[in-house]
Amino acid sequence: MIDFKKQKVLVRDFNNQYEETVTSINFEELVRSWKKNSDYQVEFTALNDGSLAYNLLRNENSLLIDGQEYVIKQAERSLDGYDKSVAVTATHIYFEATRIYNYQTKSGTITYSIQDILHYFFDNNPYGFTWEVIGNFSKVQIENLGNTSALDALNTCVDKFNCVIYPDNKHIRIYARDAWQKQVDKSYLYGYNTTTFSCSWDTTAIQNVTMCYGKQKEGAEGQYYFPPFMAKNATSIKRWGERPGAEISDERFTDKNAMNAYAMSSMQSDPVTTMALTYDGDDQVLPGEVWYLRVEPEKFDTDVEVTGITDYPFAPDHKPEVELDNSVRTLLDEDIAQERLVKEAIKHNQAAAQEIKATNEKAVKAYDSRFIGDLYGTPTRLTRTTGPQLPGYILKVPADNPDLGLQKGQQFYAATAVNYVEGLAEYVTEMLPEIPKYEPATPTTDGLMSAADKVKLDALNNNFIKLYAPDGTPFLVQITNEGKIEILKGENK
């Protein structure tokens, strides 16, 4: 972690004549990004403060940040009114290994150790690059080594030896995978210290079938220690189908089983899984660390390696964005988690289907409870003594209707009126609620209102309101035409 009190951004010119502290940077927006074996750079924008440091922010000059050196590769200068600024992108000094170029070529297919390749390109280089191999590697065969840069040679090592390159300035460390990963007691817990999470699979490069050729017998053209054979990854084929790819030919192998094991480890038999998250916790995130990850909404938990970090080293409140590994274990754990989600989705779908079925049955029942019928013209069975003569109908029940006590096929006559239908009452009268009838209220009998309310209403006499004092004495209150309140003692005026 950067010591913010001591840390500075220094700029140094290409010829090492000047070294100045840059103060006109918006430090909150200085971003540093690292991705395993592919990316290591910083970006920021500085305002023109007329200083030497600002004017040194030019291509191929160096930046010193957090003990590491970066070389400016892009410096885009802008004018906005009277303001001048420069947007800087600088890559780690490690990438300057591209300046080491070996024009010689070792012709033919030769077996090399990883140290052989590093010696071939870096020995006696004039730029001060050194290297260190951490962990154990098997030898590999490479055809026509050379006529390329040392940086390209390092990329070849990544491809052939499945190694990890992590530089400390010009000292290049090459790690075996098991030496690179560091198990730590730290956790990413979605919803607690992790606010965003994404995961994607790329099946483009899957290969699970290849033709294998081992060592040829000396002096016998086309004769091998074991016949060429087709290597197949059964687990991958079961999951993704057959995906054939380039053949593997390696003179190291005189045993078929050893050759088959090497082919299994060489093929990209599973998709590349890319995961990323935003970490809101307080623990420092370092390259190569293996954390425990749990994403409850995705039913996903596993150990993951930190393979990429985008952070803001001078803005501790700006949380880092972390990329995670694409190991086979992670893939399998994600696959299992997805299977859990699929099973849960099926369960939810089944429950929804039951609800839909029940709703449909209710709808069918409601549909069957309708009445259907035909117009038969002027009523004959039903007569009216008053009101307009409206058309009548013969109705029948299409299905049993237990709610109304009707049976399927039962018929009855109905005559329409302005606001009701006649003819059905004889079937359903007993099932309808009784509608209460009310008589006018009197001071002694309840009706449309209570008898007590009738007494109060009658008290409103000749625009007088009758009120009683606390001791029961009656008073009459009225408002005169002049707007005055008049109070009279007694019950009558």
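The values are calculated or read from the model by the stated rules, or taken from the named source; none is laboratory data. Computed from a predicted model, the values in this text were never measured in an experiment. Neighbour counts run over all protein chains shown; Cβ positions are idealised from the backbone, glycine included. We work out accessible area using only protein heavy atoms, side chains counted, and drop any ligands, DNA or RNA first. Shrake-Rupley method; radii C 1.70, N 1.55, O 1.52, S 1.80 Å.
Exactly one condition in (1) within 42 Å of the chain's Cα centre (by Cα); (2) open to solvent by less than 80 Å² (accessible area, probe 1.4 Å); (3) over 20 Å from ILE142 (Cα atoms) is not met by PHE229; state its number.
Among (1) within 42 Å of the chain's Cα centre (by Cα); (2) open to solvent by less than 80 Å² (accessible area, probe 1.4 Å); (3) over 20 Å from ILE142 (Cα atoms), PHE229 violates only (1).
Select from region 118-134 the residues that are assigned to a strand (DSSP E or B) and surrounded by fewer than 17 Cβ atoms within 10 Å (Cβ to Cβ) and list them in ascending order.
Step one: of region 118-134, the residues assigned to a strand (DSSP E or B) are 130-134.
Across region 118-134, the qualifying residues are THR130, GLU132, ILE134.
Which of the residues spanning region 156-193 are part of a helix (DSSP H, G or I) and either more than 18 Å from LEU324 (Cβ to Cβ) or open to solvent by 60 Å² or more (accessible area, probe 1.4 Å) (or both)? Write out each step before concluding.
Pass one, region 156-193, residues part of a helix (DSSP H, G or I): 156-161, 177-180.
Within region 156-193, THR156, CYS157, VAL158, ASP159, LYS160, PHE161, ARG177, ASP178, ALA179 qualify.
So that you can scan it fast, the table gives a plain yes or no per residue for (1) in contact with a strand residue (DSSP E or B) (Cβ under 7 Å, 6 or more places away or on another chain); (2) basic (Lys, Arg):
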position	(1), (2)
LYS256	yes, yes
ALA261	no, no
ALA276	yes, no
ASP280	yes, no
PRO287	yes, no
LYS299	no, yes
PHE314	no, no
GLU323	yes, no
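Tell me, please, whether a residue that is touching a residue at least 40 places away in the same chain (Cβ under 8 Å), open to solvent by 10 Å² or more (accessible area, probe 1.4 Å) and out of contact with any strand residue (DSSP E or B) (no Cβ under 6 Å at 6 or more places or on another chain) can be found in region 80-92. Write out each step before concluding.
Kept after step one, since they are touching a residue at least 40 places away in the same chain (Cβ under 8 Å), are these residues of region 80-92: 85-92.
The next check asks that each one be open to solvent by 10 Å² or more (accessible area, probe 1.4 Å); those that pass are 85, 87, 89, 91.
With out of contact with any strand residue (DSSP E or B) (no Cβ under 6 Å at 6 or more places or on another chain) added as a condition, the list becomes none.
No, because not a single residue in region 80-92 is touching a residue at least 40 places away in the same chain (Cβ under 8 Å), open to solvent by 10 Å² or more (accessible area, probe 1.4 Å) and out of contact with any strand residue (DSSP E or B) (no Cβ under 6 Å at 6 or more places or on another chain).
Quick one: LYS215 ticks every box in (1) at pLDDT below 90; (2) exposed (fewer than 12 other Cβ atoms within 10 Å of the Cβ) except a single one, so which number is it?
Among (1) at pLDDT below 90; (2) exposed (fewer than 12 other Cβ atoms within 10 Å of the Cβ), LYS215 violates only (2).
Consider PHE137 against the criteria (1) at pLDDT below 95; (2) open to solvent by less than 70 Å² (accessible area, probe 1.4 Å); (3) assigned to a strand (DSSP E or B): it satisfies all of them except one. Which criterion is unmet?
(3)
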